Structures are given as C-alpha cells and as structure tokens.
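First comes the structure, then the notes that go with it.
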Amino acid sequence: MSAIQIKKYRSIANRSLQNVLAYRTSYVIGFLANAVNLLAIYFLWHGIYSGRAEVGGYSWDQMKTYLLVTFLANSVLSWYSETSISGKILDGSVAVDLLKPIDFQTARFSETLGASLLEGGMSAILLILFASFLSGITLPHSLLVYVLFALSLLGAILVKFGVVYLAALLCFWSTGSMGIVWTRIAVTNLLSGALVPLAFFPDWLERLALYLPFQSIIHTPTMIFLQQTGTLESLKLIALQAFWGIALWIAGKGMWNWAVRQVTIHGG
C-alpha cells in the first residue's frame, strides 16, 4: 500500500470520527444506554453470586473484572460501523464507492477504526469511573500482560470487523438489515463469551465455541487480562486471532467480489 493510499484511508477514518462527533446527541444517548447496561449486568451477576464464593470456577472478584473487560472489548467496534456498511448497500450508495479508486473493505475498516477510537476511549473512561467505586477488581501486575492484552484487543477488532462485514454483505440479498444485525449480535454474544464465560457452557458447546472465530473477540482478551493463560499460551491465542482475522478478511473480499458481479443493488 502506497503512502498516498494510506493518506486516503486515514482521511476516511478522520471523517468517520467527525461524523460521530457531529451527531453528539445520538452518541450521548448511546453512551448513557451502555452505562445503564453495564450497571444492569453488574447487579444481575451480583445477585447470582449472592451467598456463593465461586461460580463456574470464577470468584466474584474475577467475574467483576471479566464484566469490565468484556464491556471494553465489545465497545471497540461501534454500532455506527455496523449500520453504515449495511446502509450503503441497502440505499444503493455503495454504487458510488465502486467508482472510487479505493478498496471498499479497507475503507469500511478505516471508518470502523475512526468511530471506534472515540467510543472505545469513552468506554475506557466509563470503566475507570465504574471500577473506582468497586473493590476487589483483579488487575495484572506485569507490564507484559498489559502489552499482550492490548495486542489481543487489536486482534479482537480485526476479527469482529470480519464477522460484522460478512454479515453486512448479506444485505445484498435482503431488503432490510435489522434481522441480520440482531442475529449476528445474538450469535456473536453467545459464542464469544460476552453473555457468560465459555467455561460455563456444557463441554460440547465450549469445545465448539473454541473452534469458532467468535471466541477471539471476548474470550481471548479476558483470559489474557485475568492471567488465566501463560505468556506462551497468550501468544498462541493472539496468533489464532490473527489467523481468524486474515481468514475472515479473505472471505469478505471473496464475498464482495461475488456480490458485486451478481446482485442488483437495492435502490441503485
């Protein structure tokens, strides 16, 4: 990729960030909704742990940390990114992108990074404020763990984008996106460990989830942050994230090429 192309995609990321800032009211409402959601999940698990020292191999302190890390990992790819991709397909504006000298997939990934920069940053601030009122949060004491965790978050962004992008491309064969989006969210949240840790699953379902790419989104970052994996195992998990990220990227490129050759764009 040339320096000129990099500059183009950086400009797309900046414009995406500016779009989020332009619709501040919508963003604030979404941010407050996320805060309420975090509180609701916290009190739900607080009730589950009432009178119990441990559930599914997790202490209450570990579960509190798990919930915070899950919230952060889920926030690094925004709802705006998901709806903007499907929206371009459904309203036909994707036809304009076909005429531009840029790669559609890379441009959408740039938009995702731009929008997620703000949302991820604000979510991190929310978590810091939330954690300041809690006791017993399990924090790593090793700088290496934080480095590995940061790498796993980057891997989670790449994998989640791949899943979201493939789901959004299904809109080429649909007149709406909400069913696709909610199905994608349900499957991803279940099999990534966002709803409950994978260790809570029946053995057969846990094994299945570990073979699928979804676990790279939540399970991997949380395991690394909670230090439930050693350094070598953490590197293997990050390498698996890279594998799935690349595989999903290639699948997305193939699906895009097939779609634009065979499908008439709705509204276009």
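The values are calculated or read from the model by the stated rules, or taken from the named source; none is laboratory data. Being a predicted model, the structure only gives us computed values, none of them experimental. Note: ideal-geometry Cβ built from the backbone for every residue, glycine included; neighbour counts use all protein chains shown. All accessible areas refer to the heavy atoms of the entire protein, side chains included, with ligands and DNA or RNA removed. Shrake-Rupley method; radii C 1.70, N 1.55, O 1.52, S 1.80 Å.
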Give me the accessible area of Leu117, 1.4 Å probe, in Å² rounded to the nearest 10. 120 Å²
What nm distance separates the two modelled labels at Phe200 and Leu99, each placed 7 Å from Cα along Cα→Cβ? 5.1 nm
Using the Cα gyration tensor of region 11-148, with a ≥ b ≥ c the square roots of its eigenvalues, what is the shape: rounded (a/c below 1.5), prolate (a/b larger than b/c) or oblate (neither)? prolate
Which value in deg cm²/dmol, rounded to the nearest 500, describes the helix-derived mean residue ellipticity at 222 nm for the chain, given -39,500 (n - 2.57) per DSSP H run of n ≥ 4 and division by the residue count? -25000 deg cm²/dmol
Could you run the Karplus curve 6.51 cos²θ - 1.76 cosθ + 1.60 with θ = phi - 60° over region 40-53 and give me ³J(HN,Hα) per residue in whole Hz, x for Gly and Pro? 5, 5, 4, 6, 4, 5, 4, x, 4, 7, 4, x, 10, 7
Among Ile29, Ile246, Ile12, which one shows the highest mean-square fluctuation when the chain is modelled as a Gaussian network with alpha-carbon springs under 10 Å? Ile29
Sorted by accessible surface (1.4 Å probe, heavy atoms of the protein chains only), largest first, His219, His46 come out as His46, His219
Hey, what did region 52-174 get for relative contact order, percent, Cα under 8 Å, at least 6 apart? 44 percent
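Mind ranking Lys253, Lys7, Lys100 by accessible surface for me, highest first, 1.4 Å probe?
Details: Lys253 70, Lys7 140, Lys100 90 Å².
In descending accessible area the options line up as Lys7, Lys100, Lys253.
Please report, to one decimal in angstroms, the Kirkwood hydrodynamic radius of region 137-186 built from all distinct Cα-Cα pairs. Present the calculation step by step, with values, prior to reporting the outcome.
Details: mean 1/r = 0.0758 Å⁻¹.
About 13.2 Å for region 137-186.
At 1.4 Å probe size, with every protein chain present, just tell me what the per residue accessible area of region 86-236 comes to in Å². Spell out each step's value before the answer.
On the way: 6830 Å² over 151 residues.
Each residue of region 86-236 exposes 45 Å² on average to a 1.4 Å probe.
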Given R₀ = 30 Å, what would the calculated FRET efficiency be for Leu134 paired with Trp182, taking r from the Cβ atoms and rounding to 0.05? 0.45
What are the residues whose amide H is under 5 Å from the amide H of Thr138, where those residues sit 5 or more places off or on another chain and H is modelled from the backbone? Thr65
What's the magnitude of the charge dipole for region 149-268 around its Cα centre, counting Lys and Arg as +1 and Asp and Glu as -1 at the beta-carbon? Answer in Debye, nearest 20. 340 debye
Loop-located trypsin sites (Lys or Arg not before Pro) in region 28-133, at most 10 other Cβ atoms within 10 Å (DSSP): Arg52
Rel. contact order, % - alpha carbon contacts under 8 angstrom, at least six apart, the chain: 27 percent
J(HN,Hα) series, region 129-135, from Karplus relation 6.51 cos²θ - 1.76 cosθ + 1.60, nearest Hz, glycine and proline x: 5, 5, 5, 5, 9, 10, 10
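Roughly what % of Cα-Cα distances in region 72-229 sit above 27 Å, to the whole percent? Write down the numbers at each step before the final one.
Details: 3860 of 12403 pairs.
That fraction is 31 percent.
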A 1.4 Å probe over the protein heavy atoms gives the chain a carbon and sulfur accessible-area percentage of 68 percent
Furthest towards positive pole of dipole, Ser123, Tyr165, Ala35, structure part the chain, Cβ charges: Tyr165
Range of Cα positions in the chain per principal axis (Å), largest first: 60, 41, 38
Gyration tensor verdict on region 197-268 (Cα atoms; rounded if a/c is under 1.5, prolate if a/b is larger than b/c, oblate otherwise): prolate
